[in-house]
1. Sort D297, D118, D323, D289 so the one with the fewest other Cβ atoms within 10 Å of its own Cβ comes first.
2. What is the antiparallel percent of DSSP beta bridges lying wholly in the chain, to the nearest 5?
3. Let me make sure I get this right: for the chain, a, b and c are the square roots of the gyration tensor eigenvalues over alpha carbons, sorted descending. Under 1.5 in a/c it's rounded, otherwise prolate if a/b > b/c, else oblate. Which is it?
4. Hand me the trypsin sites (Lys or Arg not before Pro) from the range 45-108 located in a DSSP loop with no more than 13 other Cβ atoms within 10 Å, in residue order please.
5. Tell me which GluC sites (Glu not before Pro) from the range 25-82 have a DSSP coil assignment and no more than 11 other beta carbons within 10 Å of their own.
6. Loop-only GluC sites (Glu not before Pro) in the range 285-349, please: DSSP not H, G, I, E or B, and at most 14 other Cβ atoms within 10 Å.
7. Kindly put L330, L245, L65 in sequence by how many other C-beta atoms sit within 10 Å of each C-beta, fewest to most.
8. So for the chain, taking the charge dipole from beta-carbon charges (+1 Lys/Arg, -1 Asp/Glu), which of L229, L64, N261 sits furthest toward the positive end?
Amino acid sequence: MSKLPNNSASIFSVMSQLANQHGAINLSQGFPNFPEDERLLQISERIIRENIHQYTPMAGLPSLLEKIALLTQKQYGRTVNTNTEMLITAGATQGIFTTINALIGAGDEVLILDPSYDSYEPSVLVGGGIPVRVALNEDYTPNFNRIEEAITHKTKMIVVNNPHNPTGKIWTSQDFEALETILEKHPQILVLGDEVYEYITFSQPHISFHTREKLNQRTIIASSFGKSLHVTGWKIGYLIAPEHLMQEIKKIHQFLVFSVNSFSQHTIAQYLEVVDFSEVSRMYQKKRDLFQSLLKDSRFELMPCDGTYFQVVNYKNISTANDVEFAKELILKHGVAAIPISVFYKEATDRQMLRFCFAKTDETLIAAAQKLCQV
Ligand code: PMP
Ligand code: GLN
C-alpha cells in the first residue's frame, strides 16, 4: 500500500541531481549560492560552543519566539501571543504538512491554486483530504470566479502562496478583498498562507495575511528563515495562527519533530537583533535586473517577476519540445539547469515555460546567461 502512489522524487531533487551529474550551472532548485552574512557566521561560531545543545521547549526557543513576535509587530503591526499563537517548524515544508494534517480530515476538500508548490497536494493526500486544483488566470493572477465555483460544503481550506512560486506574482489588496468577500459566505473555510518569500518583493510591498483582520481568526501563516535569511539547509521556519488552530497544530508537531534543532534557533534569535529585512528585496532586485538584462538578447521570452527569486521564461521561439524534455536538453546540451513549469500543475500544460532561480552570485548568473544566449 502506498499513501502517495503517484509521487516519486521531487522535481527539485531530480533537476539538482542531473545538474550535478553533468556539471551544469544549477538554476533549478531554489537556493542561494552566495556566501552567508559574516555576522551570522560569527554568531554561529560563538553559539556552537555554548550550552545550547539539548531540546528546546516544544513550540520553540522562547527568545526566538519573542524576536519573531517583535518582527511581526514591526513588519505588519500585528501583536501575536508567543505562548499560544506561534510554532517554530523544521522549515515551512513541515509547517505546511503539519498544519494540513492537523486541520484536514478524511474527505475534506482543499483548494490549491495552480501552478502550485509541490508539497501541498501530498500533504493533503496523506491526511485523507481531497486536493482541488484551481487554475490561476493566464497571467497568474487569482481567478475568483473559478475559486468560488470550486467551493462545496466539503471545502475546508484554501492554500494561498504569496509571493508566488514559481511565477513571481504577488497579490494586490483587491485580490485580498475578493477572497474576503467569498470567504465571508463560507465561515468553515480556513486559509493557509504560504508567505516564505515575504521579504522578496520588487514592484509593490508584500501584503501579508497578518494585516487582513477579517481573516486572522481562520488563517495559518507559514514563514521560512531558509528563504528570508538565505539558509535553506538549516530547515527552520515558523507558523503563526490563532490559538484554537495552533493548539491542534502543536498536537501533531510534538509527535512529528517535538522540537526544532536548538543550534539554529539560538543563532537566529541573536541574528534577528541585527539583520535588516529591507535589504533582502533590494539585493534580489539587483539580481533580477542583472539576470533579465543578461537575457535581453536571448531567444527566451521573460515573464514579469514581481517577487520571489524565480524568473519564468517562455522558450516557444526555441523549441517545440515539452518543458520536461527541454529542461533535460538544456542541462545536457547547454549546461544550465532549470525547473519545467508543467510540474506545478495537475493537468500538464503545453505552455513551454521554465523557471530559473536567480539567487546566485553575479558570476554564476553571468556564466549561465552566456550559455543561455547561445541556445
Ligand atoms: N513554500 C514554497 C512556496 C517554497 O518555495 C518552499 C521552498 N523553500 C517552501 C514552501 C518550503 O520552505 P522550507 O525550505 O523552509 O521548508
Ligand atoms: N522551494 C524550493 C524551490 O522551489 C525547493 C525546495 C525543495 O527542494 N524541496 O526550488
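1. By the 10 Å Cβ count, ascending: D297, D289, D118, D323.
2. That works out to approximately 45 percent antiparallel.
3. oblate
4. Here the trypsin sites (Lys or Arg not before Pro) that fit, given the DSSP loop and packing criteria, are R49.
5. E50
6. Numbers: sites: E301, E325, E329, E347; in loops: E347.
Sparse-neighbourhood loop GluC sites (Glu not before Pro): E347.
7. Values: L330 29, L245 19, L65 24.
The fewest-first ordering by Cβ neighbours comes to L245, L65, L330.
8. N261
Where a number appears in this text, it was derived from the coordinates with a stated rule and is not lab data. Just so it is clear, the model here is predicted, and its values are computed rather than measured. Don't worry about glycine lacking a Cβ; one is built from the backbone with ideal geometry, like all the others, and counts go over all protein chains shown.
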